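Values in this text are rule-based calculations from the coordinates and carry no lab data. Here the structure is a predicted model, which means the values were calculated and not measured. A quick note on method: Cβ atoms are made from the backbone with ideal geometry, for glycine too, and the neighbour counts reach across all protein chains shown.
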Amino acid sequence: MTNKVSANNSSDLKSEKDYAKYFETTYQPPSLRDARRRGKEEVNVHYDFEIPEDVKNIGADRKYLIRTYGCQMNEHDTEVMAGILENLGYEATTVDEEADVILLNTCAIRENAENKVFGEIGHLKALKREKPELILGVCGCMSQEESVVNRILQKHPQVDLIFGTHNIHRLPTLLKEALFSKEMVVEVWSKEGDIIENLPRVRKGNISGWVNIMYGCDKFCTYCIVPYTRGKERSRLPEDIIEEVRQLARHGYQEVTLLGQNVNAYGKDFDFEYGLGHLMDEIRKIGIPRIRFTTSHPRDFDDHLIEVLAKGGNLVEHIHLPVQHGNSDILKLMGRAYTREQYLELVRKIKAAIPNVVLTTDIIVGFPNETEEQFEETLSLYREVGYDSAYTFIYSPREGTPAARMKDDVPMSVKKERLQRLNAVVNETALEKNRNYVGEVVEVLVQGESKKNKDVLTGYTRGNKVVHFQGPKSLIGQLVNVRITTAKTWTLDGELEEMYEVKSS
Ligand code: SAH
Ligand code: SF4
Ligand code: F3S
């Protein structure tokens, strides 16, 4: 059941009509009840995306700019939107003033992500005043939130277009409407079960590529907005994924990252027995040096996958395994469906099968009513696992999620202090881990010049560690051997080994 809304709003905005009200009555807000009903509908895969005839040239002599605020999934969507816009004749620019279309591809995961976007919308008001023909669009996860759309409708008339994460393939038509109608165009489908296969793409770079293997999330961790903004879990067919990876290999890509909010649930929606382990087992036979995947949910990480990953080769020994918390009661309140002990048991199995594995994680501090003792269990778990690094966050209530309704007695000052204490442990462990590499030779995939120093090249190890070293620019895009000389908290410095060509496996 999808819900399409088109609200028109006059561009000088203070019109008599109350469009926001109209919007409220027809827009279906993210609803846990509705969302829980998912899972039974059929997923349709479409291979028939086409740019409609009447819009084919609307971008001729015009430029576009897309700003991306979110995770890799958002980056991936940006690549698709760039592909669509270039198919319409638009050219990319990085300069606001040159752009005829600016799209803000937003993220709703925490409040500060949203604040940044509202700051930017405000900032672009002046540009829009100077250049009224500029099309300003808001898309991505924030546009799936009722409160955000209402706020834009009411307070930000400079926005011409709002569309949701399930409406990306409709961009040509929506853009045309925005261009010709001079009214605010809003199209947000709140629930979607389909997969559109043949959308165009403009990939960022030609060394590492992202390949989506599934969309959406059905996990409903109680703090998280993603299941509402991204819809239900739906897996792409193995043959479509394998073909895309092969194509990247043919084009000389050295690394592929398989993407999904919860890649371990891959295949659960098929009516045949096929999971991430099966997929990885097929992809490892493709001639591409490195295969990664993100993000893993510990709950669905099965033995078959561990067995396949242990085969190594192009399957790299890095696993991002978000734990979120170290205390079982909080994990239960978070709806993570595993205990501290079960998580540690999974880590034990992974380490036994892949002894040199690099583990990284995500952690939330300051979940409602988290006690000092419970927080300390996060610190002790962190040390016990011995992660190489972590993304750490202060819990941010998200409207419409169950956790946002929980009473919370932890003051913000305490949450901030806990974050600092956690980060101190994260930094200390990261440095310790990096010191183990000093004197070792590691395989580095060279990504480019270092941002800080043009004479230095930068790349990643198989374990996803950043390495800096000096060498000719011709090495960019290649795999080389580097001997590590110095360990820092977040980076390793090294020297190119004389025999630097590494044969891909
Ligand atoms: N699908 C991934 C995570 C996507 S969001 C997974 O399940 O691991 C990335 C991270 O943001 C999460 O792992 C979590 O640590 C954090 N996060 C999500 N919602 C949050 C919230 N409301 N407040 C703070 N951090 C949050
Ligand atoms: Fe959010 Fe949990 Fe889904 Fe990850 S698994 S996207 S944290 S609901
Ligand atoms: Fe943000 Fe949406 Fe990704 S909320 S983290 S951009 S899935």
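Of note:
- Dipole in debye (nearest 20) - the stretch 400-453, about Cα centre, beta carbon charges: Lys, Arg +1; Asp, Glu -1: 340
- Here's how it looks for Leu103: its modeled amide H is under 5 Å from those of Leu65, Ile66, Arg67, Gly137, which are all 5 or more places away or on a different chain.
- Cys with no candidate disulfide partner in the chain (beta-carbon separation under 4.7 Å rule): Cys71, Cys107, Cys139, Cys141, Cys217
- By average C-beta atoms within 10 angstrom, highest first, the peptides 258-265, 75-82: 258-265, 75-82
- Over the stretch 19-187, relative contact order from alpha-carbon pairs under 8 Å, at least 6 apart, %: 23
- From most to least packed by mean Cβ count within 10 Å, the peptides 193-202, 141-150, 121-130 give 141-150, 193-202, 121-130.
- Three-way shape call for the stretch 61-174 based on the alpha-carbon gyration tensor, with the a/c threshold at 1.5: oblate
- With the convex hull constructed from alpha-carbon coordinates only, the stretch 441-496 shows a mean projected area of 3.3 nm² over all directions.
- Gyration tensor (alpha-carbon) shape descriptor, the stretch 294-400, a/c threshold 1.5: prolate
- Taking trypsin sites (Lys or Arg not before Pro) across the stretch 268-304, the ones in a DSSP loop with at most 11 further Cβ atoms lying within 10 angstrom of their Cβ are Lys285.
- Note on the chain: helix-only mean residue ellipticity at 222 nm, from DSSP H runs of 4+ residues weighted -39500 (n - 2.57) and normalised by residue number, equals -10000 deg cm²/dmol.
- Only Cα pairs under 8 Å and 6+ residues apart enter the sum, and on that basis the relative contact order of the stretch 277-381 stands at 30 percent.
- Cα-based shape type of the stretch 159-246, given that a ≥ b ≥ c are square roots of the gyration tensor eigenvalues and the cut on a/c is 1.5: oblate
- A straight line joining the Cα centroids of the stretch 283-324 and the stretch 69-128 runs 31 Å.
- Dipole magnitude of the chain about its Cα centre (Cβ charges: Lys, Arg +1; Asp, Glu -1), debye to nearest 20: 680
- Taking 18 Å as the cut-off, the amide N atoms of the stretch 418-439 that come nearer than this to a point 7 Å along the Cα-to-beta-carbon line of Asn356 belong to 433-439.
- With the simple spin-label model, which puts each label point 7 Å out from Cα in the Cβ direction, the Glu130 to Glu307 separation comes to 6.3 nm.
- Rough spin-label spacing in nm, given labels placed 7 Å along Cα→Cβ, for Asp271 and Gln154: 4.7
- Relative contact order of the stretch 441-496: 35 percent, from C-alpha pairs under 8 Å at least 6 residues apart in sequence.
- With the charge dipole of the chain set up from +1 on Lys and Arg Cβ and -1 on Asp and Glu Cβ about the Cα centre, the Cα lying farthest toward the positive end among the listed residues Asn423, Thr165, Ile242 is that of Asn423.
- Overall size of the chain from C-alpha positions, given as principal axis extents largest first: 70, 55, 48 Å.
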